[in-house]
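One structure is given here, and the rest of the page talks about it.
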Amino acid sequence: MGSLIFYLGVGLFLMWVFRSYGRYQYRTNAAGHAPLHSEALRNSELGLFVALMAKVAKADGRVDTLEAELVGNTFTDIANTFPNAEAVREELKAIFNREKEQRFNADAIAQRLAYATVHHPQQRLGMFSFLVNLAFVDGELSHSEENLLIKIAAFLKIAPEQVETIMAQFAQIYKTGPTRTGLKEAYALLGAAEGESMESIKKKYRALVKQYHPDLMKAKGADEAYMAEATQKMQQINAAYETIKASR
């Protein structure tokens, strides 16, 4: 059961997102476009969950590069299922950016999300798994991140043994930690040239993140062995990008 919780975490979350769209109210205008109701989105399960993503990402004081990439890719995937994708993505970003600066309302948001998902325990488990992965994605789990996750789990009524299992599984996946790499190897890993602009290198880095991130790969049906390989590759890509940034 534990391994299923880990490997289906993101899949369950994405399935919930798709099912939840039916709860949003759109009115089509003469041009056939559905306007975005920002307040409804902010107060929905999705909006509340994005707010918690912001809390977890900023729990250790800053949003790491890889955390930002995971969040951005997730927003894009979610927004693309709406009829007005760009407006939805911008609203999700606005929720995230606003909530990452609010320090003392995580409890209230978690409590509201718990109430909104009271009849959907598997949905909660999927959301919590996603949050744990977000905390681990930079290669380590800080004390502040761990404390916040435990608090969120309590509000979401997730049993302590389930919390322990999920955290242990992500710790195992990311146990190798950040990978050190030389500058020449870093350029090769990203498929970039030493004289290339940082803007161009960043685009290549982001493309590789989207290609290899283990959550996204699992959502596409990759098996367990590929998940492990993708996680290792993701760590190498992130280390390469950080090495190049530091050299500039």
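The values are calculated or read from the model by the stated rules, or taken from the named source; none is laboratory data. The structure displayed is predicted, hence computed values, not measured ones. With ideal geometry, Cβ positions are generated from the backbone for all residues, glycine too; neighbour counts draw on all protein chains shown. Calculation scope for accessible area: heavy atoms of the full protein, side chains included, ligands and nucleic acids excluded. Shrake-Rupley method; radii C 1.70, N 1.55, O 1.52, S 1.80 Å.
If I filter region 156-166 down to residues being of a type in the set (A, V, I, L, M, F, W, C) and at pLDDT 90 or above, which single residue comes out as surrounded by the fewest Cβ atoms within 10 Å (Cβ to Cβ)? The extreme case among them is A159.
Restricting to region 49-65, and then to whatever is under 17 Å from L156 (Cβ atoms) and either of a type in the set (A, V, I, L, M) or outside any helix (DSSP H, G or I) (or both), can you tell me which residue is most open to solvent (accessible area, probe 1.4 Å)? Checking each candidate, the answer is A59. On the given criteria, is R112 farther than 12 Å from L48 by Cβ and in a helix (DSSP H, G or I)? So R112 fails the test. Checking each residue in region 126-184 for being within 16 Å of the chain's Cα centre (by Cα) and on the phi > 0 side of the Ramachandran plot picks out only G139.
Figure legend. Inter-residue proximity from region 186-199: first residues free of Cβ contacts under 8 Å to residues at least 60 places away in the same chain, second residues basic (K, R), beta-carbon distance below 7 Å, spacing 6+ or different chains. Indicated pairs: L190/K204; G191/K204; A192/K204; M198/R248. Of all residues in region 110-150, those satisfying the criterion of being hydrophobic (A, V, I, L, M, F, W, C) and open to solvent by 30 Å² or more (accessible area, probe 1.4 Å) are A116, V118, L141, I150.
Restricting attention to region 213-226 and to residues that are within 16 Å of the chain's Cα centre (by Cα) and open to solvent by less than 50 Å² (accessible area, probe 1.4 Å), the residue that is modelled with the highest pLDDT turns out to be H213. Scanning region 66-101 for residues that are within 23 Å of I237 (Cα to Cα), among the β-branched types (V, I, T) and open to solvent by less than 30 Å² (accessible area, probe 1.4 Å) gives V71, T74.
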